[in-house]
Amino acid sequence: MDPLNWSLVAEAGCILAEVQRAADAADRFFPLSLGSEGTCQIGGNLSTNAGGTNVVRYGMMRDQVLGLEVVLPDGRVLSTLTSLRKDNTGYDIKSLFLGAEGTLGVITAASLKLYPKIRSSATAFVAVPDVRTAVQLLAELRDASGDCVSSFELIPRIGVELTTTHIEGVTDPLDEPYPWYVLCELTSSRLVDTLDSVLEGVLTRAMERNLVLDAAIAQSERERESFWKLRETIPEAQRLDGASLKHDVSVPIAVLPQFVERASAWVAEHVPEGRLVAYGHVGDGNLHFNLNQSPDADRDAFLAREAETKRAIHDLVQEFGGSFSAEHGIGRLKVTELERYAPAVELELMRAVKRAFDPHGIMNPGKLLRAGTV
Ligand SMILES: Cc1cc2nc3c(=O)[nH]c(=O)nc-3n(C[C@H](O)[C@H](O)[C@H](O)COP(=O)(O)OP(=O)(O)OC[C@H]3O[C@@H](n4cnc5c(N)ncnc54)[C@H](O)[C@@H]3O)c2cc1C
């Protein structure tokens, strides 16, 4: 732990929640936060370039890294475990291991950035008429708060219905049903801050222009937790509700409304057995554009739509200049998608990197790049 350098070094096996706790104990903040933080390890977070709910303010795991120690496939140790903020000495080799899914070497230690400790926050559950308004509201909140927006999550009405039906203790924070919601959080390192009044001011002005239909600002930590519980249990509620088809996509934030409009229209026309459950990290242009089996639909008939649906959604994402895998990586499941959508030159360079680091193909063979193509 090096508080004055705003950094710490985590070694192999370190769990994400331990790093968060260590930072907190030193009056610092480590921003990566995701549902699996009590069990996932820093090596896994680095290798999957994990995202989570604070990316809009702090970036992904890649953005938290100052240095790495890596054991290469031939046993040599690459030690770039520095905590330098500036180091312009040629290729940034360490960055190749971030998001590499363990295909180039084993990360054994990492030097990570820390930030000022969060001492105040304001959280609201906000009803909006459509995705366009959500994107507009994000811009206004970033502007008015001095860029203090640390989370901005989009939730569709069906997300509220699924969680209140399937998850114990989840309740609808608002009295009436609305088409879309935003769960937004402002945070600051200042103990006495005006975040609540900034949030209230922006929401009131937005209400006067019908951009916001209704809103609840958390009055206690318990209320804040209940808003977050609704958001974080959507995947579990989806699972309990039946079969689902999942797409983890991103597009530039400004075109997200048009993407949702076009993709929803395609689903309505072509997948009568499914209903859309599109939610996620709108502040990052990242949506989990999922479909759940309709209550009266046949499970097999719904699942039979998988390939056609994936192709249509991912082709549309490509048309919008987006990514078919915003934060879940490639693994083995999305190798074919990578081959379809990555530019040929990029794929060639990826294979060249793999050959240079792992000429015998012993590191996670078949992940990210198809075995036999390297
Ligand atoms: C409930 C839940 C919620 C989640 N929410 C999010 C989210 O919001 N955003 C998001 O981005 N992700 C999310 N995830 C996925 C998340 O990215 C992973 O849980 C985590 O980042 C991976 O860490 P892990 O320790 O589980 O790694 P593992 O699953 O063990 O490994 C992941 C990959 O990294 C490789 N690897 C692991 N350790 C090393 C190492 N030391 N060196 C080299 N390679 C290594 C493995 O071979 C594997 O390919 C979620 C997962 C769960 C279960």
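Filter the helices (runs of 4 or more DSSP H) completely within the range 283-344 down to those with at least 2 residues that are farther than 30 Å from T373 by Cα and touching an Asp or Glu at 6+ places or on another chain (Cβ under 7 Å). Outline the logic, then answer.
Numbers: elements: 299-303, 306-319, 335-341.
Those helices (runs of 4 or more DSSP H) span 299-303.
How many residues does the range 254-288 hold that are surrounded by 18 or more Cβ atoms within 10 Å (Cβ to Cβ), in contact with a Leu (Cβ under 8 Å, 6 or more places away or on another chain) and farther than 17 Å from P235 by Cβ?
So the count comes out to 8.
For I313, are the conditions met, namely being of a type in the set (A, V, I, L, M, F, W, C) and in contact with a Lys or Arg (Cβ under 9 Å, 6 or more places away or on another chain)?
no
List the number of the failed condition for G35; all other conditions in (1) within 11 Å of the ligand (Cβ to nearest atom); (2) modelled with pLDDT of 95 or more hold.
(2)
Regarding the range 178-190, can at least one residue be identified that is under 30 Å from W6 (Cα atoms), assigned to a loop (DSSP other than H, G, I, E, B), outside the structural domain of E261 (by TED's automatic domain parsing) and touching a residue at least 60 places away in the same chain (Cβ under 8 Å)?
yes
Being surrounded by fewer than 19 Cβ atoms within 10 Å (Cβ to Cβ) and either among the aromatic types (F, W, Y) or within 18 Å of Y178 (Cα to Cα) (or both) is the filter here, so list the residues in the range 95-138 that pass it.
Hits for the range 95-138 are Y115, P129, D130, R132, Q136.
Do you know which of the residues in the range 48-89 that are β-branched (V, I, T) and within 14 Å of the ligand (Cβ to nearest atom) is farthest from A12 (Cα to Cα)?
Residue satisfying both the conditions and the ranking: V56.
Here are the criteria: (1) within 17 Å of A109 (Cα to Cα); (2) touching a Leu at 6+ places or on another chain (Cβ under 9 Å). Tell me which single one G38 does not satisfy.
(1)
Just for the range 102-127: of the residues that are of a type in the set (A, V, I, L, M, F, W, C) and farther than 19 Å from D196 by Cα, which one is farthest from the ligand (Cβ to nearest atom)? Spell out the reasoning first.
First pass over the range 102-127, keeping only residues of a type in the set (A, V, I, L, M, F, W, C): 104, 106-107, 109-110, 112, 114, 118, 122, 124-127.
From what is left, the residues that are farther than 19 Å from D196 by Cα are 104, 106-107, 109-110, 112, 114.
Values: L104: 8, V106: 4, I107: 4, A109: 9, A110: 9, L112: 14, L114: 19 Å.
Result: L114.
The values are calculated or read from the model by the stated rules, or taken from the named source; none is laboratory data. Note that the structure is a prediction, hence the values are computed from the model and not measured. Methodologically, a virtual Cβ is constructed for each residue, glycine included, from the backbone with ideal geometry; neighbour enumeration extends over all protein chains shown.
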